[in-house]
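Worksheet for the structure shown next.
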Amino acid sequence: MSRSREFEIAFVGLKAGIHEFMYRIDDSFFEKYSEQDFTNCQAEVKLTLDKKSSYMFLKFEIGGKLEVICDRCNSRLPIELWDEFGITLKISENPELMNEQENDADVYYIGKGDSYFDVADWIYEFINLSIPMQKVCSYENMDGPYCDAKAREILKQMTVHPSVNSKTKNPIWKGLENFKNFD
Ligand SMILES: [Zn+2]
């Protein structure tokens with residue numbers, strides 16, 4: 001099986017200082033990983049590599065967009081990706097052992113004899129970390145432009161208790177009042 005070299009960086013030949021790499025990531029990138037819970041990925045990853053004498057610092061800037069399924073109304077929800085992550089790459093005689101012992105997740109070791117490293121797994125991880133945990137059309141109200149209006153109506157009817165009519169009441173207490181009624 002031929003190895004993809006697209007995400008390999010041959011760092012030995014690089015001069016000290018800043019080097020930039022751009023990657024365009026679409027759904028095909030994720031085929032070698034397990035199934036993702038997003039589609040239509042159009043991400044751009046800008047990698048800035050700062051090569052120092054004894055280590056390298058890698059900054060990944062994640063941009064672009066992808067689509068997730070809204071947790072509340074089940075419609076397709078476009079999400080803008082915007083985040084950045086840093087990795088410090090150190091050279092070691094025994095990178096396997098050092099990677100096992102290292103507690104800092106942002107520090108990674110490569111072997112003394114290595115001439116390249118692969119950034120695909122970091123890109124994979126960082127795109128996933130850029131997706132918000134709570135995937136809903138709008139965080140407080142279900143009124144985002146992509147929200148499914150029909151699902152929203154049904155949810156509203158389910159959540160609003162018919163006996164609570166006062167609009168001045170804080171909605172936070174609604175649930176507690178329902179508990180009281182059952183005493
Ligand atoms: Zn929604």
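Observations, loosely collected:
- Of all residues in region 11-27 being among the small types (Gly, Ala, Ser) and modelled with pLDDT of 95 or more, the one that is nearest to residue 127 (Cα to Cα): 17
- Lone unmet requirement of (1) at pLDDT below 90; (2) within 16 Å of the ligand (Cβ to nearest atom) for residue 169: (2)
- Subset tally (residues that are surrounded by 13 or more Cβ atoms within 10 Å (Cβ to Cβ) and at pLDDT below 95) for region 84-94: 2
- Residue that is nearest to residue 111 (Cα to Cα) [pool: residues in region 1-23 that are of a type outside the set (A, V, I, L, M) and exposed (fewer than 11 other Cβ atoms within 10 Å of the Cβ)]: 13
- Filtered residues of region 96-131 (kept if out of contact with any helix residue (DSSP H, G or I) (no Cβ under 7 Å at 6 or more places or on another chain), surrounded by fewer than 18 Cβ atoms within 10 Å (Cβ to Cβ) and part of a strand (DSSP E or B)): 107, 118
- Taking region 70-127 as the range and being closer than 30 Å to residue 154 by Cα and small (Gly, Ala, Ser) as the test, only 75 passes.
- Listed by first and then second residue, the pairs with beta-carbon distance under 9 Å, at least 6 apart or on different chains, first residue in region 148-159 and within 9 Å of the ligand (Cβ to nearest atom), second among the hydroxyl-bearing types (Ser, Thr, Tyr), are 148/75; 151/75.
The values are calculated or read from the model by the stated rules, or taken from the named source; none is laboratory data. Please read all numbers here as calculations on a predicted model, not as lab measurements. Cβ coordinates were reconstructed from backbone atoms using ideal geometry, including for glycine residues, and neighbour counts include every protein chain displayed.
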